[in-house]
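K.L.:
Please find one structure pasted underneath; my questions will follow.
The values are calculated or read from the model by the stated rules, or taken from the named source; none is laboratory data. Every value quoted in this text rests on a predicted model; they were computed, and no experiment measured them. Quick reminder, even Gly has a Cβ in these numbers, built from the backbone with ideal geometry, and neighbours come from all protein chains shown. Please note that ligands, DNA and RNA were not included when accessible areas were found on the heavy atoms of the full protein model with its side chains. Shrake-Rupley method; radii C 1.70, N 1.55, O 1.52, S 1.80 Å.
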Amino acid sequence: MTIATNIHVHQLKYDNHLILGFVLDSPKSNLVAFSNTINVCGWVLGKKMPAVAVEMVKEQQIVAQSHVNIHRPKVAEYYPDISNYQSSGFEFELDLKKNLLGSQNFCLQVVLENHTRVPVVMLDVNHYEHKSVKKTFFIHVAKTAGTSFNHFLRTHLCGEEHCENYKNRDSFHNLNKLKTFDFISGHLRLQDFNQNFDRKDYYLVTILMDPIEQLISHLNWVIYISNDVESEFFKNHPQEIRKMSLDIRHKNLHNTEDIIQVLCDYRGIFANNQSRYFQLNQDLKPAEIIDILRDFDLVGITENYFQFISDYINLIGLNINPEIHMENKNVMPAISKNELLSNSEFVEFCHEYNSVDIQVYNYYSKKTR
């Protein structure tokens, strides 16, 4: 039995002669969690005297607390005249103790320097049996907002992202453990799923992106891998990927012909990269990939990510209003996407190079409008 927790946040009317400002960043109302703890964080400013701590109280007992000592620069900028209160942030983990189904109530209160306590938030925490009839298997196509979707899955379900770490040559080690999770996610091929999992037990889900934009993002990501060759991030990649990243990095990436040559040299990595995740035989034909994807429970489009999240929530029966989180780890790309998209030579090349991906994407892009 999977126990889920639904959390409602109720802001209380507090004495504004004592509290100048208060914001609870986490948890958000209507959060559904599957872990035993939730993160509680935010900021608070006392008005006549500093706020020194926050406490979480249940049945008149303090069950968690935190000092107010985290620097929040944006808060300090908004209140420049309150120089003594620059460290206004707090953060702690609240143990939900989900041993029994039912409700728990928590009160978050601010502790001022003179030990005055000011209640600011009530949390209604309800534990219930989550009755999703299927688990989720997410095929994470590189650079299609999969990292953002993994964040959503981690927040609301119990599972394993990057489960390709469990992958041996032909199967998974600790497969029984993976099958206990509510979701499995990774840069895995459909063949990996077919060889190791039972289709009737899983919702099959994936996301596609505009193929030319995805190609540029994927190329930028491969280059980013060697941004710091001393980092664990670089060293944890396979040797051939590290070599490729360094090789591409030493090319003239401001020259369109050189970029095209790189893509030709590494065609097996970049050409029709999205469709290859779903390829089941030697031929890579758009009609066959589209037909394979028709068996999926949900195929989303990166450019319509909010609709994808809404469709996924309806698919698995989560009763939440989602907060959309978009994440991009490579904030300093080596290649300008806008410049390449406006380069007719590059775009023309991509239409031949990524012809299968383009036809598959166009089919699903029209379906999701």
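K.L.:
Hey, which of the strands (runs of 3 or more DSSP E) in the range 19-76, taking only ones fully inside, have at least 1 residues that are farther than 30 Å from LEU157 by Cβ? Quick ask: steps written out before the conclusion?
P.N.:
Numbers: elements: 19-26, 31-33, 37-46, 51-58, 61-67.
Passing ranges, in order: 19-26, 37-46, 51-58, 61-67.
K.L.:
With the requirement that a residue be hydroxyl-bearing (Ser, Thr, Tyr) and within 23 Å of the chain's Cα centre (by Cα), what does the range 1-30 give you?
P.N.:
Start the filter on the range 1-30 by keeping residues that are hydroxyl-bearing (Ser, Thr, Tyr), which leaves 2, 5, 14, 26, 29.
Within the range 1-30, THR2, THR5, SER26, SER29 qualify.
K.L.:
Can you pull out the residues in the range 119-151 that are open to solvent by less than 10 Å² (accessible area, probe 1.4 Å), in a strand (DSSP E or B) and modelled with pLDDT of 90 or more?
P.N.:
Correct list: VAL120, VAL121, LEU123, THR136, PHE137, PHE138, ILE139.
K.L.:
Might you check whether a residue that is assigned to a strand (DSSP E or B), among the aromatic types (Phe, Trp, Tyr), in contact (Cβ under 8 Å) with a residue 24 or more places away in the chain and within 13 Å of PHE138 (Cα to Cα) occurs anywhere in the range 184-199? Write out each step before concluding.
P.N.:
If we filter the range 184-199 for residues that are assigned to a strand (DSSP E or B), which is where we start, we get 184-186.
Applying the additional criterion that residues be among the aromatic types (Phe, Trp, Tyr) yields none.
No, the range 184-199 has no match at all.
K.L.:
Give the range 274-307 a look and list any residue that's open to solvent by less than 20 Å² (accessible area, probe 1.4 Å) and at pLDDT below 95, or say none.
P.N.:
TYR305
K.L.:
Find the residue count for the range 152-181, including only residues that are open to solvent by less than 20 Å² (accessible area, probe 1.4 Å) and either in a loop (DSSP other than H, G, I, E, B) or aromatic (Phe, Trp, Tyr) (or both).
P.N.:
3
K.L.:
How about the range 1-17: which of its residues are closer than 19 Å to CYS107 by Cβ and open to solvent by less than 50 Å² (accessible area, probe 1.4 Å)?
P.N.:
Within the range 1-17, the subset closer than 19 Å to CYS107 by Cβ is 5-16.
Those that are closer than 19 Å to CYS107 by Cβ and open to solvent by less than 50 Å² (accessible area, probe 1.4 Å): THR5, ASN6, ILE7, VAL9.
K.L.:
Another question, if that's okay. Only one of HIS17, HIS10 is free of Cβ contacts under 8 Å to residues at least 40 places away in the same chain and not basic (Lys, Arg); which? Explain how you work it out, then say what you get.
P.N.:
Working: HIS10 fails: free of Cβ contacts under 8 Å to residues at least 40 places away in the same chain.
So the residue among HIS17, HIS10 that is free of Cβ contacts under 8 Å to residues at least 40 places away in the same chain and not basic (Lys, Arg) is HIS17.
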